[in-house]
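The block underneath contains the structure these notes are about, expressed in structure tokens.
Quick note: the coordinates plus some simple rules give every number you see, no bench work behind them. Here the structure is a predicted model, which is why all the values come from computation and not from measurement. Counting neighbours? That spans all protein chains shown, and the Cβs are built from the backbone with ideal geometry, glycine included.
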Amino acid sequence: MDEPLVAQRSIEEFQRDGVTLLRCAVTASQLAVLGDAVEANMAEPSEWASDYTAGDASGRFFGDYVSWTRIDAYREVAIESDLPRIAAALMQSTSVRFFHEHVLVKEPGTNEITPWHHDQPYYCVDGDQNVSFWIALDAIPARAGVEFLVGSHRWGRSFVPRKFVDSTAYASPDSRFELVPDIESERGQHRIVRFDVEPGDVIAFSYRILHAAPGTAGLTTGRRRAVSMRYLGDDAVFALRPWLHSPPFEQRALVVGEPLDDPRFPLIPIG
């Protein structure tokens, strides 16, 4: 009998904790094409790319997304690899829809942090069945990687997004969205995990889990390149936010509260 793509303990951990580490989930050949894709992406960013590092600062914090329609490697890994079937297993979903890819690169000597936040309030989507695959392209020590507040995906709370460039909130809180609490001052009250990762390792996490990351300065001498592939499951529906959602997809024919049935979010056969 063939081994399952995802161990049952990983499924249970993802459902319970909101995050799990999948070792060697991406092949060496896939890593190679993703590495080339990131370099091409940085050389020719999309209209939605961001440089979060001030021009006179050391290092560089680069981000870009939704380039899968122009950079074939992103599409191939996101749609034609085992990742969609792994996503289905973790989400416990009968369907998988590709939402988008997101490239995040912190060069050596970068001071900019990634502030505590969770992803779903940035997005034009609601629902519990979702997963981001943070694919490590470099060896990254835990001290320089992403950290996650275990179980926060099940708090039933939604937080105002924060700007990566200066950590400020997008907007004032309202009846639905509150400000992100001061997690640093509360660290002793929570279980927070982070991982030593090697190229090809994948951190799978819920759109609703709180997470953050330090800069690289003083923590690692290597690059911190990652490509996140983001998927949606059975219960995902289109949503609008009080702010411009990210990525800034136009609504077009999408209906609030209905599935994202649109060529921009392809449904992937997983049978």
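Of note:
- Reported count of residues in the stretch 79-99, each being among the charged types (D, E, K, R), within 18 Å of the chain's Cα centre (by Cα) and surrounded by fewer than 18 Cβ atoms within 10 Å (Cβ to Cβ), is 2.
- Just one residue in the set Glu47, Glu112, Glu39, Glu76 is surrounded by 21 or more Cβ atoms within 10 Å (Cβ to Cβ), out of contact with any helix residue (DSSP H, G or I) (no Cβ under 6 Å at 6 or more places or on another chain) and more than 30 Å from Arg16 (Cβ to Cβ); that residue is Glu112.
- Ser167 of a type in the set (Ser, Thr, Tyr), assigned to a loop (DSSP other than H, G, I, E, B) and in contact with a strand residue (DSSP E or B) (Cβ under 7 Å, 6 or more places away or on another chain): yes
- Test: residue in the stretch 109-128 that is charged (D, E, K, R), over 23 Å from Arg241 (Cβ atoms), touching a Phe, Trp or Tyr at 6+ places or on another chain (Cβ under 6 Å) and part of a loop (DSSP other than H, G, I, E, B): yes
- Residue within the stretch 240-259 that is assigned to a strand (DSSP E or B) and among the β-branched types (Val, Ile, Thr) present: no
- Test: residue in the stretch 238-255 that is small (Gly, Ala, Ser), touching a His at 6+ places or on another chain (Cβ under 6 Å) and touching a residue at least 60 places away in the same chain (Cβ under 8 Å): no
Conditions (1) surrounded by fewer than 19 Cβ atoms within 10 Å (Cβ to Cβ); (2) in contact with a helix residue (DSSP H, G or I) (Cβ under 9 Å, 6 or more places away or on another chain); (3) more than 17 Å from Gly63 (Cβ to Cβ), marked per residue:
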position: Lys163; (1), (2), (3): yes, no, no
position: Ala171; (1), (2), (3): yes, no, yes
position: Glu178; (1), (2), (3): yes, no, yes
position: His190; (1), (2), (3): yes, yes, yes
position: Arg225; (1), (2), (3): no, yes, no
position: Met229; (1), (2), (3): no, yes, no
position: Leu240; (1), (2), (3): yes, no, yes
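- Any hit, the stretch 155-164, residues being assigned to a strand (DSSP E or B), closer than 21 Å to Leu22 by Cβ, in contact (Cβ under 8 Å) with a residue 12 or more places away in the chain and in contact with a His (Cβ under 9 Å, 6 or more places away or on another chain): no
- Of all residues in the stretch 200-219 being in contact with a strand residue (DSSP E or B) (Cβ under 6 Å, 6 or more places away or on another chain) and not aliphatic (A, V, I, L, M), the one that is surrounded by the fewest Cβ atoms within 10 Å (Cβ to Cβ): Asp201
- Within the stretch 140-161, tally of residues that are among the aliphatic types (A, V, I, L, M) and surrounded by fewer than 15 Cβ atoms within 10 Å (Cβ to Cβ): 1
- Number of the condition not met by Ile268 [criteria: (1) more than 24 Å from Leu31 (Cβ to Cβ); (2) of a type in the set (Val, Ile, Thr); (3) touching a helix residue (DSSP H, G or I) at 6+ places or on another chain (Cβ under 8 Å)]: (1)
- Number of residues in the stretch 116-144 that are under 25 Å from Tyr170 (Cβ atoms) and of a type in the set (Gly, Ala, Ser): the value is 2.
- Identification of helices (runs of 4 or more DSSP H) wholly contained in the stretch 1-108 with 1 or more residues that are closer than 25 Å to Pro269 by Cα and free of Cβ contacts under 8 Å to residues at least 12 places away in the same chain yields 8-17, 28-43, 72-80.
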